[in-house]
Amino acid sequence: MRKIAIYGKGGIGKSTTTSNLSAALSSMGYRVMQIGCDPKSDSTTGLNGGRDVPTVLDALRNNPEGVTLEDIVVQGAGGVLCVEAGGPTPGIGCAGRGIITAFEKLEELDAYEIYRPDIVLYDVLGDVVCGGFAMPIRGGYARDVFIVTSGEKMALFAANNIATALSNFKSRGYARLSGLILNSRNIEKEVEMVEDLAGRIGTSVVEVLSRSPVVQRAEDGNGTVVGLFPDSPMAKEYVSLAEKVLERSVDDA
Ligand code: SF4
């Protein structure tokens, strides 16, 4: 099983990229589970026909003792298994703690043994890499981390922070940084800026994704580019990304 975390600043296109990556991997015959680790809980909406997937934390709040896998795992387009960790009560709980609780619940219910995914993709907000949001890269949850960024200052800043968090965990044998995914915003010298950051943090750019109107069209159609427009050049870029992610990630079997 490959365990891969996709990090990035909020609003950078991380969930869109992850959902299209899931759809591409699924179209290649892999069984994929995508776990949204963002309190917004909309990571997998595009894989589920635009409908929200019930969150693990909400299920636990509604029925603390009786949550089943059927309550929290939804089979989306292409058979992708969709899970949303969910968020805390605003202003009260800790979002990071929520992620940990959701992971523990999935393990307690034997989700990985029962569904046997080939690939688990964690879609994680990377604005604040506190202990909570670093959870997927600790404790053996994810083995490989890819960071989605554009050439915008704040996105590069977040990418650098995530890379620093990873290097701090290096000695403990946690997840490794496996590459940057450039989600283009068409700003000047964007590729050079992202390649420059990649060099400074000891990695490389895995794929440059174009800025294409078909991405918005797919979102408006409540689906993914790979699912709704499989013959588009953009879908081919996501398939190419999927191939590179497979090449660069470890399969623990
Ligand atoms: S910053 Fe991190 S540790 Fe603090 S409340 Fe938010 S998620 Fe929890």
Sole exception among (1) surrounded by 14 or more Cβ atoms within 10 Å (Cβ to Cβ); (2) in contact with a helix residue (DSSP H, G or I) (Cβ under 8 Å, 6 or more places away or on another chain) for Gly49, by number: (1)
Selected residue [closer than 30 Å to Asn48 by Cα, among the polar types (S, T, N, Q), open to solvent by less than 40 Å² (accessible area, probe 1.4 Å) and in contact with a Lys or Arg (Cβ under 8 Å, 6 or more places away or on another chain)] from Ser240, Ser249: Ser249
Residue, farthest from the ligand (Cβ to nearest atom), within region 112-126, restricted to residues that are in a helix (DSSP H, G or I) and in contact with a strand residue (DSSP E or B) (Cβ under 8 Å, 6 or more places away or on another chain): Tyr115
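Matching residues to (1) in contact (Cβ under 8 Å) with a residue 40 or more places away in the chain; (2) among the aliphatic types (A, V, I, L, M):
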| position | (1), (2) |
| --- | --- |
| Glu207 | no, no |
| Arg217 | no, no |
| Gly223 | yes, no |
| Ala235 | yes, yes |
| Tyr238 | yes, no |
| Leu241 | yes, yes |
Some residue of region 46-57 being over 30 Å from Ala165 (Cα atoms), without any contact (Cβ under 8 Å) to a residue 60 or more places away in the chain, of a type in the set (Gly, Ala, Ser) and away from the ligand (no atom under 15 Å from the Cβ): no
Any chance Ala175 is crowded, with 17+ Cβ neighbours inside 10 Å, at pLDDT 95 or above and not acidic (Asp, Glu): no
Test: Glu84 is among the acidic types (Asp, Glu), away from the ligand (no atom under 13 Å from the Cβ) and open to solvent by 20 Å² or more (accessible area, probe 1.4 Å): no
Residue satisfying all of: in region 1-16; open to solvent by less than 10 Å² (accessible area, probe 1.4 Å) and aliphatic (A, V, I, L, M); nearest to Asp251 (Cα to Cα) among these: Ile4
Some residue of region 179-198 being open to solvent by 20 Å² or more (accessible area, probe 1.4 Å), among the β-branched types (Val, Ile, Thr) and in a helix (DSSP H, G or I): yes
The listed residue being of a type in the set (Ser, Thr, Tyr) and open to solvent by 10 Å² or more (accessible area, probe 1.4 Å), out of Ser19, Ser27: Ser27
Verdict on Ala102 being within 16 Å of the ligand (Cβ to nearest atom) and within 25 Å of Asp58 (Cβ to Cβ): yes
Among residues of region 166-177, those that are under 17 Å from the mean Cα position of the chain (by Cα) and not in a strand (DSSP E or B), counted: 2
Residues of region 127-157 that turn out to be at pLDDT below 95 and either part of a helix (DSSP H, G or I) or small (Gly, Ala, Ser) (or both), as a count: 9
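The values are calculated or read from the model by the stated rules, or taken from the named source; none is laboratory data. Fair warning: this is a prediction, and the values are worked out from it, not measured in the lab. Positions of Cβ are backbone-derived with ideal geometry, glycine not excepted, and every protein chain shown enters the neighbour counts. Ligands, DNA and RNA are stripped out before the accessible areas are found, and what is left, the full protein with its side chains, is counted by its heavy atoms. Shrake-Rupley method; radii C 1.70, N 1.55, O 1.52, S 1.80 Å.
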